[in-house]
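Reviewing the structure listed below.
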Amino acid sequence: MADDLDWNAIIAPGNDAERRKTTSDRAENPDARGDAGETSGAPVGTGRPMSRREARAAETARARADAEVTGTDDRPATAPVASSPDELHPDVHALLTGELRVDDDARAAGAGAGGPAQPGHGPGGAGDGGRGGRGGRGGASRAPRGPREPRPKRRRGPLIAGIVIVAVVLAVGVSAYSFAAPKVQQVLAAISGAQEPDDYSGNGTSTVTITIKQGDIGENVAATLQRSGVVKDSKVFYKLLLASPDVQFQPGSYSLKKKMSSKAALAALQDKDNRVQASIVIPEGTALKDIEAGMVSKAGLSAAEVSAAAKDLSAYDLPSNVTTLEGWLFPATYPINPGWSATQYFKSMVDTMKEHLSAAGVAEADQEHVIVFASLVQKEAGLAADYPKVARVFQNRLDIDMPLQSDATVAYGTGNTHRVTTTDAERKDASNKYNTYVHDGLPPAPISNPGDVAIKAVTNMAQGKWLYFVTVNLETGETVFSDTYAQHLVAVDQFQAWLRAHPDYQ
């Protein structure tokens with residue numbers, strides 16, 4: 001180690017012999033340095049070699065003494081010091097300059113680990129007298145660091161403001177995300193081509209009756225379930241069905257739920273408790289398009305099949321002047337027959353109407369006229385007791401060539417089969433061939449499917465001179481019949497008073 005070196009021998013000039021002699025002389029005569037007096041750390045005259053620290057302390061003391069005597073920083077001429085860096089011992093040179101001399105292998109290893117060593121300042125080096133690298137220890141010295149400047153105090157105000165702003169932004173962002181996320185997901189799904197789930201979940205909601213017909217295969221059943229709103233996608237149900245080869249369907253009607261999962265629907269069809277004796281119920285005054293919808297939902301028929309059957313009038317043996325099945329479908333309850341087609345259902349309804357016309361004494365030649373007239377009475381009359389009177393009012397108008405002015409016929413011509421009220425514009429529309437405000441006589445075809453009460457009212461009208469009627473109490477159905485228009489206006493005032501007294505009536 002560097003502290004174990006003979007400092008006096010290393011820094012003394014000359015060859016080895018001279019240096020040894022100089023060291024020996026100093027040991028014999030410790031006062032040879034004159035006024036230097038003491039060395040740092042070792043008693044004068046001990047005769048042992050001085051360590052590096054002792055030598056350095058001694059040099060410092062001699063320099064101070066010489067300065068006090070001469071008034072300069074020059075050392076005494078007799079000081080045994082090196083006159084140039086080349087005269088220094090290699091280890092001392094390394095200590096003073098911070099340069100380590102290493103062999104090629106060590107240099108390569110040092111460069112590989114951390115790059116080339118940077119020169120530093122040894123003890124007592126020029127400039128700051130700092131603690132440079134300790135040469136001789138095997139480590140590269142560090143470059144000196146200058147005095148560290150004091151850090152400026154941080155202002156907490158901007159930092160706190162920044163934190164608050166970030167918190168507000170995050171809160172707004174979370175709220176915006178919760179609102180916009182579903183919409184963003186929809187947009188992303190549309191861009192990526194992703195689709196909503198193609199099957200419902202759970203056991204369904206409202207009850208619906210479906211019918212499996214005789215001869216239906218799996219694809220037909222799947223289509224019926226989707227058409228009735230039971231399953232979302234017939235393909236999903238059919239795929240499940242293909243994976244269940246032991247499943248067999250029995251023709252008939254089943255009570256299921258709308259929006260069922262395919263798995264739940266398949267299980268429900270296998271449960272015999274869900275088998276029902278379904279039927280198609282047609283109330284009096286029901287229009288053809290509503291009957292068609294009931295056949296689709298109840299009988300398991302397709303809309304295309306039902307519509308085609310309704311247009312094929314030649315299949316029902318109707319009078320030659322008949323242009324539609326409207327009016328010829330007798331209101332009744334028809335049991336579901338899984339083996340029937342749409343044509344068979346319609347034929348059953350037409351045949352039933354013919355039977356009731358015959359029972360009412362209507363000749364075959366008069367059937368169409370009676371059905372058209374009865375369909376009008378069916379929609380306009382309220383109480384059963386008033387049906388014959390309503391029929392008489394319309395007949396009295398026909399007899400004097402007075403327009404029938406039936407709102408029910410106008411509404412039917414606009415495509416609305418569920419109301420009888422109309423607007424001024426609708427009542428003035430001459431393009432509506434069912435508009436009995438501008439066209440004389442009965443409408444060109446029935447506007448509903450009448451029942452027995454309406455048919456009998458036409459074939460057996462009440463006797464009277466009434467030309468007007470108005471219902472004055474919508475809750476009870478009370479209707480006032482008038483012979484003159486003045487009487488009719490009084491009845492209208494009565495009806496308007498009732499409306500004012502019942503503003504919430506629907």
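The values are calculated or read from the model by the stated rules, or taken from the named source; none is laboratory data. Predicted, not measured: the structure shown is a model, and the values here were computed from it. Glycine also receives a Cβ, built like all others from the backbone with ideal geometry; neighbour counts cover every protein chain displayed. The area values use the complete protein model at the heavy-atom level, side chains included, leaving out ligands, DNA and RNA. Shrake-Rupley method; radii C 1.70, N 1.55, O 1.52, S 1.80 Å.
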Can you list which of the chymotrypsin sites (Phe, Trp or Tyr not before Pro) found in the stretch 458-506 are DSSP loop residues with at most 13 other C-beta atoms within 10 Å?
Tyr505
Contour minus Cα-Cα distance for Asp317 and Ser206 (0.36 nm per residue):
36.0 nm
Zone of Lys347's modelled label, taken as backbone nitrogen in the stretch 210-224 under 17 Å from a point 7 Å along Cα→Cβ:
214
Lysine-lysine proximity count for the stretch 342-477, Cα under 17 Å, sequence distance 8 or more or distinct chains
5
Compute the distance in nm between two label points, each set 7 Å from the Cα along the Cα-to-Cβ direction, one at Lys433 and one at Asp246.
6.0 nm
Excluding residues fewer than 8 positions from Lys239 in its own chain, the lysines with Cα under 19 Å of it are Lys259, Lys263
Sparse-neighbourhood loop hits (GluC sites (Glu not before Pro), the stretch 425-506; DSSP loop; Cβ within 10 Å at most 11 others) -> Glu475
For Thr476 paired with Ala501, estimate the spin-label separation in nm (one decimal), with each label point 7 Å from Cα along the Cα-to-Cβ line.
0.9 nm
Charge tally in the Cβ shell below 11 Å around Lys379, where Lys, Arg are +1 and Asp, Glu are -1, Lys379 excluded:
-2
Apply 1/(1 + (r/R0)^6) to the Cβ-Cβ distance of Gln487 and Ala385, taking R0 = 22 Å, and write down the FRET efficiency to the nearest 0.05.
0.65
A 1.4 Å probe over the protein heavy atoms gives the stretch 248-354 a carbon and sulfur accessible-area percentage of 50 percent
